[in-house]
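Enquirer: Below: one structure in structure tokens.
The values are calculated or read from the model by the stated rules, or taken from the named source; none is laboratory data. On a predicted model such as this, the values are computed, not experimentally measured, just so you know. Cβ coordinates were reconstructed from backbone atoms using ideal geometry, including for glycine residues, and neighbour counts include every protein chain displayed. The area values use the complete protein model at the heavy-atom level, side chains included, leaving out ligands, DNA and RNA. Shrake-Rupley method; radii C 1.70, N 1.55, O 1.52, S 1.80 Å.
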Amino acid sequence: MIEPGIFQMLLLPARRNATFLCLTLLAGALGLAAPAAVLAQSADLLRAYQSFESAKAANKVSEALKAGDAAVKLTDAGGDKQGEVELLRNLGDFAAQADEDRPAAEYYQRALALQESALGPDHPDLVPVLTALANLKLKDERYSDAAALEQRILNIERRAYGEHHENVLATLNKLREIYRAGGDAAAVARIDAQALAQAPPPPPPPAGDRGLPGIPGGIAGTNRRYKQSQGFATVRVFYGTNRAPTGDLKPTLFYGKGRGELQYGYLNVTIPQIHKEAELETQPRWAEYTFVLSEASMRRRYVLLDQVTPLAKDDFVRALRQQIKDSPSKDLFIFVHGFNNTFEDAARRAAQMAYDLDFDGTPILYSIKLAGRDTIDMSAVPADILGHSYFAANSGAVYDIFRILWRGDPPPQRCGMSKQKDGGTLTVWWFNADACKGDEMLEAGVMLKRFGDLARERVMANMSALTDPSQKQQKIEWQLILDRLNGLLAPASAAPGGAAK
């Protein structure tokens with residue numbers, strides 16, 4: 001006997017041939033007689049689905065696709081065209097997720113042909129399978145093919161929904177991203193021109209000067225570091241991150257939630273002229289489909305992560321040094337975000353703070369992905385009576401921050417770290433607040449900031465000048481500072497965890 005409930009368990013296509021479903025229900029519930037060929041075909045189809053689901057659960061891709069092909073053949077023989085379309089699309093999705101792009105494309109094409117035959121070439125129900133095909137082309141960097149499919153989707157949606165429907169605007173935006181990825185600047189400009197014609201006018205800028213202080217020596221509010229032009233200013237922030245790149249070309253999605261190797265680069269964030277101090281003007285979710293069509297319009301409204309440029313380490317160092325050299329001040333502003341921020345959130349906040357402060361040095365972002373062996377228990381850092389832990393007042397914690405930012409070292413190579421527990425998916429390192437304490441750490445940091453790689457030579461020169469026996473204590477203090485500098489400037493492998501340097 002065939003139980004009706006098994007169809008849901010096996011995730012059969014939701015819309016099945018009514019005759020087939022009724023036959024199954026009657027055969028199961030009432031035990032009525034049915035032609036042997038129909039029941040045999042039904043049993044074979046169930047076995048094919050069972051094989052498909054079992055192989056898929058075991059991650060046996062080739063076996064799963066073979067069972068899926070058998071199910072398609074039986075579904076086609078039964079005349080259930082809608083069920084066959086949905087099955088082909090499901091197989092296409094599974095193959096695409098398994099990086100089997102060629103069979104995925106073949107499944108989608110077969111589903112598309114069946115739908116076109118039943119619905120015609122311009123029906124909105126074709127959009128999902130056309131979108132799946134476009135995504136495959138984009139993944140394979142076949143930008144012209146992907147653009148042609150998105151253009152067909154756009155034409156279908158325009159006829160069905162009109163020019164201003166959110167689906168139309170979203171597809172137009174995706175088409176623009178494909179053109180940009182493919183380097184077709186003329187096509188990008190055409191879409192931008194359409195968007196500019198559709199977008200409402202931007203809000204008027206505030207009357208008069210914003211009244212924020214200018215750079216040192218300048219007139220307040222009129223000689224700012226970051227100048228407005230065409231309704232927005234641009235803030236460049238250098239960054240380091242151990243977030244893994246996603247492969248997505250959009251700046252907002254360039255780095256994801258996964259953890260990877262240490263990456264370097266710089267990013268640009270735009271600040272609108274209507275910006276209010278300490279605010280982070282953020283586009284609502286629906287704005288992605290409404291206003292992002294005109295980049296100029298978006299920049300005049302929101303704080304946007306506009307560009308991400310990854311660099312090799314040597315190129316990053318050269319670019320950073322040049323930026324410091326060209327800046328009014330040689331100071332650095334380093335922003336380390338909270339534990340639950342995306343790379344985009346952190347980039348926008350770092351730039352907004354630099355802009356509001358009219359910071360005349362170089363802003364730097366360190367965007368960290370905390371996971372596994374990089375989870376640090378700082379509970380040993382002394383706290384006040386209210387329970388606040390002041391990391392910045394603890395020289396050992398400052399030392400640890402220096403090692404992260406200066407060297408990018410993992411915990412075993414940083415001072416004050418000892419493994420407290422591990423197991424499962426999480427390893428916690430316990431920070432020993434007493435292992436690296438002493439004001440000489442802060443003094444070493446000041447020397448390093450002022451003199452860079454020459455800091456060691458400066459300290460040694462100071463020590464050499466202390467020749468009087470009464471200066472013995474001062475010489476000892478300089479020696480401690482030199483020890484700290486040696487720890488900061490040493491190769492990563494030379495700084496064992498848990499030992500003061």
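Enquirer: Give me the net charge for the shell around L149: Cβ to Cβ below 12 angstrom, other residues only, Lys and Arg +1, Asp and Glu -1. Could you put the intermediate results ahead of the total?
Expert: Numbers: positive: K137, R142, R152, K174; negative: D145, E150.
Net of charged neighbours comes to +2.
Enquirer: Now a separate question. Quick one: how many Å² of C436 are accessible to a 1.4 Å probe, rounded to 10?
Expert: 0
Enquirer: Going by accessible area, probe 1.4 Å, with all protein chains left in place, what is the ranking of D468, D360, largest first?
Expert: Working: D468 80, D360 30 Å².
Final ranking, largest accessible area leading: D468, D360.
Enquirer: Find how much the distance from L454 to H165 grows on full extension, using 0.36 nm per residue of separation minus their present alpha carbon separation; answer in nm with one decimal. Could you put the intermediate results ahead of the total?
Expert: Details: separation 289, 0.36 × 289 = 104.04 nm, distance 6.16 nm.
Full extension from L454 to H165 adds 97.9 nm.
Enquirer: Let me know the Rg and Dmax you get for region 87-163 when you use only its Cα atoms, in Å.
Expert: Cα radius of gyration and Dmax of region 87-163 are 12.3, 36 Å respectively.
Enquirer: So, taking all protein chains as they sit and a 1.4 Å probe, how much accessible area belongs to E106, in Å² rounded to tens?
Expert: 110
Enquirer: Students often check this: by mean Cβ neighbours within 10 Å, which of 254-264, 81-91 ranks highest, and how do the rest follow?
Expert: Values: 254-264: 16.7, 81-91: 21.3.
Put in order of decreasing packing, that is 81-91, 254-264.
Enquirer: Give me the net charge for the shell around P128: Cβ to Cβ below 11 angstrom, other residues only, Lys and Arg +1, Asp and Glu -1. Please report the intermediate quantities before stating the final value.
Expert: Details: positive: R89; negative: E86, D93, D125.
So the surrounding residues net to -2.
Enquirer: With every protein chain left in place and a probe of 1.4 Å, what is the accessible surface of D434, to the nearest 10 Å²?
Expert: Looks like 100 Å² after rounding.
Enquirer: Given labels modelled 7 Å from the Cα in the Cβ direction, how far is it in nm from D145 to K257?
Expert: 3.1
Enquirer: Please work out the FRET efficiency for the pair L466 and A312, using the Cβ-Cβ distance as r and a Förster radius of 51 Å; give the result to the nearest 0.05.
Expert: 0.75
Enquirer: Quote the FRET efficiency, to the nearest 0.05, computed for K330 versus A98 with a Förster distance R0 of 60 Å and r equal to the Cβ-Cβ distance. Display every interim value, and only then the final one.
Expert: Numbers: r = 52 Å, r/R0 = 0.87.
Once rounded, the FRET efficiency stands at 0.70.
Enquirer: Then there is this: How many nm is it between the label spots at R321 and D434, if each spot is 7 Å from the Cα in line with the beta carbon?
Expert: Here the modelled spin labels are 4.2 nm apart.
Enquirer: To the nearest 0.05, how large is the calculated FRET efficiency for A58 and E106 if R₀ is 22 Å and r is the Cβ-Cβ distance?
Expert: Details: r = 23 Å, r/R0 = 1.05.
That pair, A58 with E106, gives E of 0.45.
Enquirer: Relative to the present Cα-Cα distance, how much length would full extension add between Q82 and A244 at 0.36 nm per residue of separation? Present the calculation step by step, with values, prior to reporting the outcome.
Expert: Numbers: separation 162, 0.36 × 162 = 58.32 nm, distance 4.05 nm.
Additional length available on full extension: 54.3 nm.
Enquirer: Using a cut-off of 13 Å between beta-carbons, work out the net charge of the residues near R158 (Lys and Arg +1, Asp and Glu -1, R158 not included).
Expert: Working: positive: R152, R159; negative: D122, E150, E157, E163, E166.
Summing Lys and Arg as +1 and Asp and Glu as -1 gives -3.
Enquirer: Could you work out how far apart the two model spin labels at A189 and E281 are, taking each label as a point 7 Å from the Cα in the direction of the beta carbon, and quote it in nm?
Expert: 2.7
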